[in-house]
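Asks: My questions will all concern the structure given below.
The values are calculated or read from the model by the stated rules, or taken from the named source; none is laboratory data. Treat the numbers as computed from the prediction; the structure is a model and nothing was measured. Every residue, glycine among them, receives a Cβ derived from its backbone with ideal geometry; neighbour counts consider all protein chains shown. For the accessible areas, the whole protein counts, side chains as well, though only heavy atoms, and no ligand, DNA or RNA atoms are used. Shrake-Rupley method; radii C 1.70, N 1.55, O 1.52, S 1.80 Å.
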Number of protein chains: 2
Amino acid sequence: MRRRISIFGATGSVGENTVALIEGAGGREMHEVVALTGGRNVARLAEQARALGAQIAVTAHEDALPDLRDALAGSGVEAAAGTAALLEAADRPADWTMSAIVGAAGLAPGYRSLAHGGVLALANKESVVAAGPAVLSEAARRKARIIPVDSEHSAIFQCLAGEPRAAVERIILTASGGPFRTWDAARIARATPAEAAAHPNWEMGQRISVDSASMFNKALEMIEARELFDVSPDQVEVVVHPQSIIHSMVGFADGAVMAHLGPSDMRGAIGYALNWPDRAPLPVERLDLVALARLDFEAPDTHRFPALRLAREALSLGGLAGAALNAAKEVALDHFLARHLPFPAMAAVVEAVLERMNAEDALMTRSPRAAIRLEDALSVDHLARIHAVEAANKLQGTRMNRAENA
Amino acid sequence: MRRRISIFGATGSVGENTVALIEGAGGREMHEVVALTGGRNVARLAEQARALGAQIAVTAHEDALPDLRDALAGSGVEAAAGTAALLEAADRPADWTMSAIVGAAGLAPGYRSLAHGGVLALANKESVVAAGPAVLSEAARRKARIIPVDSEHSAIFQCLAGEPRAAVERIILTASGGPFRTWDAARIARATPAEAAAHPNWEMGQRISVDSASMFNKALEMIEARELFDVSPDQVEVVVHPQSIIHSMVGFADGAVMAHLGPSDMRGAIGYALNWPDRAPLPVERLDLVALARLDFEAPDTHRFPALRLAREALSLGGLAGAALNAAKEVALDHFLARHLPFPAMAAVVEAVLERMNAEDALMTRSPRAAIRLEDALSVDHLARIHAVEAANKLQGTRMNRAENA
């Protein structure tokens, strides 16, 4: 069966790996590639579109359209640009869609593609963290299948294969603990962006590496797990596992715990989503437990890593608290990377935003989940960013006053 | 749905736990108990049969029939005794049968019950180790489902739930390494039965504990895995994992490894077989990785534990080599427990028997698997025991001569 495939965010690292796996699995001979989308790297986007024989290639940037057109000249691949073109591409029927645009920009294309009722391979975290209630109810309505593409949630998804969902007792997310796992609070308070970006196990971008250091990445994943797997907040556990070999686990009512192990290679999760419910051979490293010799486990420390406590608060608030947490975290991260705020202030910003928006009843915590729309998530995201800037500036002002008074 | 249930070996530890789980799951209100069988403990057998409202209770020992009859007087439960009665009980239609009679005696009742095309919960290792080709082809013919009840194979079975069988790359059996894991060869050579029976993680009978010390238990499990999961011998791996928390694993073609973790409690595997494909709540301890802190892994040492090497030989021979290995091991174990032979001589006996029977072409290694009958397995078992006694006596003679000459 030739599947119709679209890839949103084809030139990023998830997208590139997806394209490579599709090429390895027969490419255009075996797949009907509908749309490929990317950003400023139109040369690469055009190259991918030619190789896979895509119907259309879309760049998010309107000013890049002439370059994309040039690069596609004579290929028969349609070229388009801008937000409207992205959404139009998402509306083109596909059986399998990769949603790998980073950030809030990835939300709408992924959401729209659910209408086809196929598989949505989800690498865009915001779709679930910020807009979980809207996205999950749309998926249910359209009978679309969301297959997560980050390693933890892919692991959980795999642990649930063939299992009775009613018997799920708990989801156990593993966390590497990041580069500050063994640092004391005073040292963490002085951490620089460069120190925070040095992740022990995965090679990732700067932002997600810092999120790993603050454990905000795990906080987002807790919210993601609760949304994707329809469990209650207290069914989501976190255990620190520095080697990141166990990618996550599911505990069942009979005491059995199923775990997914493997090397740290994103092709595992992408390949799983691509081949589900089958598994196809992947040229990834094989697990060698003897070479590893040991796996370690520790309790997470919510004192040094308040992000985990804030995730619990967001989970117990419900509604769109995840959207607020995520957006406030993004702003706080900007301020930390720009050296406007110290490392622990990121959590303080998020906490202030959650408190304020909850006090103002702006998180839709009392709305039925099915009544929450994508637009609501985008509004909460927007408002949380405004509040977060304010909170960050206030914290920065306090620090500068303190410094002046000192 | 009221399922018809029979339990062979109801008064042993697996049987008792099965009875307890069925009682906990509504007992006779929810299940139609057909047959319960036991050995000399007819008082307990009668008690179980009354509690579960069994149709018939069978003791393996004809001389125990009057006592069983007395104990069942007025209960409406039929009483019977002896091998023919056991087989007649196995022929009574049941949807779910527990085969938990220990040793070769458990083979025939389990095999006969496959004819009902239901679930055979298999605790009797011999059924697969000694008679795998016959039992597995009978199960396929009758569309019966075999669900293994030892922790490793139940773990593997659970790892395979919902997975494409063609994508299985390897089965990774975990081994505690037993009480001699850290002993050197010289010390193992002097090991006493009491030392060998001290298993670190599981409370088991003396025989299986010694098998764990020699790693003959793992050798049997390698053969069992190869038979149950229809993989090639080189797809069966063993890794030493002293904490026995990971019960076993399956590696797939995409590099993913699914693992089953849990406390060492046989109710897990029994409950799984009872409730499959569902899972029902079990009052077993929950896994706490933080409390465990670490899991260790080592390569198995075939020099100190030649049983693992012999299992590979039996696997590569195929046919009924498993029957010969198992039977020879039983005899060798008797000699070790009686202090007639030192610990390492057990492997020597098994090796001698395998070599001799293979040289005599007595292992049906060239027969098609489907042509191997239960009777063939029983003949090989019988012959291997005779050869093993001879090999053991010869080794003992050599030792005594050496001692006299010294």
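Asks: Quick one: B:Glu62 ticks every box in (1) farther than 23 Å from B:Arg207 by Cβ; (2) surrounded by 21 or more Cβ atoms within 10 Å (Cβ to Cβ) bar one, so which box is it?
Replies: Going through (1) farther than 23 Å from B:Arg207 by Cβ; (2) surrounded by 21 or more Cβ atoms within 10 Å (Cβ to Cβ) one by one, B:Glu62 breaks only (2).
Asks: Condition test on B:Arg304, is it more than 21 Å from B:Asn124 (Cα to Cα) and without any contact (Cβ under 8 Å) to a residue 60 or more places away in the chain?
Replies: no
Asks: Moving to a separate point now. Which of the residues belonging to the range B:157-172 are among the hydrophobic types (A, V, I, L, M, F, W, C) and within 12 Å of chain A (Cβ to nearest Cβ)?
Replies: Within the range B:157-172, B:Phe157, B:Cys159, B:Leu160, B:Ala161, B:Ala166, B:Ala167, B:Val168, B:Ile172 meet the criteria.
Asks: Test B:Pro242 against the criterion of being more than 30 Å from A:Leu282 (Cα to Cα), surrounded by fewer than 19 Cβ atoms within 10 Å (Cβ to Cβ) and under 21 Å from the mean Cα position of the chain (by Cα), and give yes or no.
Replies: Taking the combined requirement at face value, the residue satisfies it.
Asks: When the range A:1-15 is examined, which residues are found to be free of Cβ contacts under 8 Å to residues at least 60 places away in the same chain and farther than 18 Å from A:Asp67 by Cβ?
Replies: A:Met1, A:Arg2
Asks: I'd like the residue in the range A:301-311 that is among the charged types (D, E, K, R) and open to solvent by less than 60 Å² (accessible area, probe 1.4 Å) and, out of all such residues, is farthest from the other protein chains (Cβ to nearest Cβ).
Replies: In this case the residue turns out to be A:Arg304.
Asks: What's the number of the condition A:Glu298 fails, among (1) open to solvent by 40 Å² or more (accessible area, probe 1.4 Å); (2) out of contact with any helix residue (DSSP H, G or I) (no Cβ under 9 Å at 6 or more places or on another chain); (3) within 7 Å of another protein chain (Cβ to nearest Cβ)?
Replies: The one condition A:Glu298 does not meet is (2).
Asks: Here is a follow-up. Give me the pairs, please: first residue somewhere in the range B:138-166 and on the phi > 0 side of the Ramachandran plot, second residue anywhere and in a loop (DSSP other than H, G, I, E, B) and not aliphatic (A, V, I, L, M), beta-carbon distance under 7 Å, and either six or more positions apart or on two chains.
Replies: Between residues of the range B:138-166 that are on the phi > 0 side of the Ramachandran plot and residues that are in a loop (DSSP other than H, G, I, E, B) and not aliphatic (A, V, I, L, M), the close pairs are B:Lys143/B:Gly117; B:Gly162/A:Gly162; B:Gly162/A:Glu163.
Asks: Sort out which residues of the range A:320-363 are of a type in the set (Gly, Ala, Ser), part of a helix (DSSP H, G or I) and open to solvent by less than 30 Å² (accessible area, probe 1.4 Å), and write them in order of number.
Replies: Of everything in the range A:320-363, those that are of a type in the set (Gly, Ala, Ser), part of a helix (DSSP H, G or I) and open to solvent by less than 30 Å² (accessible area, probe 1.4 Å) turn out to be A:Ala321, A:Gly322, A:Ala323, A:Ala324, A:Ala327, A:Ala328, A:Ala332, A:Ala345, A:Ala347.
Asks: Scan the range A:36-53 and tell me whether some residue there is of a type in the set (Asp, Glu) and either outside any helix (DSSP H, G or I) or buried (at least 16 other Cβ atoms within 10 Å of the Cβ) (or both).
Replies: yes
Asks: What residue, of B:Ala388, B:Ala384, is surrounded by 23 or more Cβ atoms within 10 Å (Cβ to Cβ), under 17 Å from B:Ala104 (Cβ atoms) and under 19 Å from the mean Cα position of the chain (by Cα)?
Replies: Just a single option satisfies the conditions, and that option is B:Ala384.
Asks: Starting from the range A:91-105, take each residue that is in contact (Cβ under 8 Å) with a residue 40 or more places away in the chain and list its partners that are open to solvent by less than 40 Å² (accessible area, probe 1.4 Å) and hydroxyl-bearing (Ser, Thr, Tyr), counting only C-beta distances under 6 angstrom and pairs at least six apart or across chains.
Replies: A:Ala94/A:Ser6; A:Thr97/A:Ser6; A:Thr97/A:Ser113; A:Met98/A:Thr18
Asks: Do we find that A:His199 is within 21 Å of the chain's Cα centre (by Cα), open to solvent by less than 40 Å² (accessible area, probe 1.4 Å) and at pLDDT 95 or above in this structure?
Replies: Judged against the criteria, A:His199 is not a match.
Asks: When both residues are 6+ apart or on different chains and their Cβ atoms are under 7 Å apart, which pairs have a first residue that lies in the range B:16-28 and is modelled with pLDDT under 95, and a second that is assigned to a helix (DSSP H, G or I)?
Replies: B:Gly27/B:Ala51; B:Gly27/B:Leu52; B:Arg28/B:Leu52
Asks: Give me the residue from the range B:257-295 that is among the β-branched types (Val, Ile, Thr) and facing chain A (nearest Cβ under 7 Å) and, out of that set, least open to solvent (accessible area, probe 1.4 Å).
Replies: Once the filter is applied, the top-ranked residue is B:Val257.
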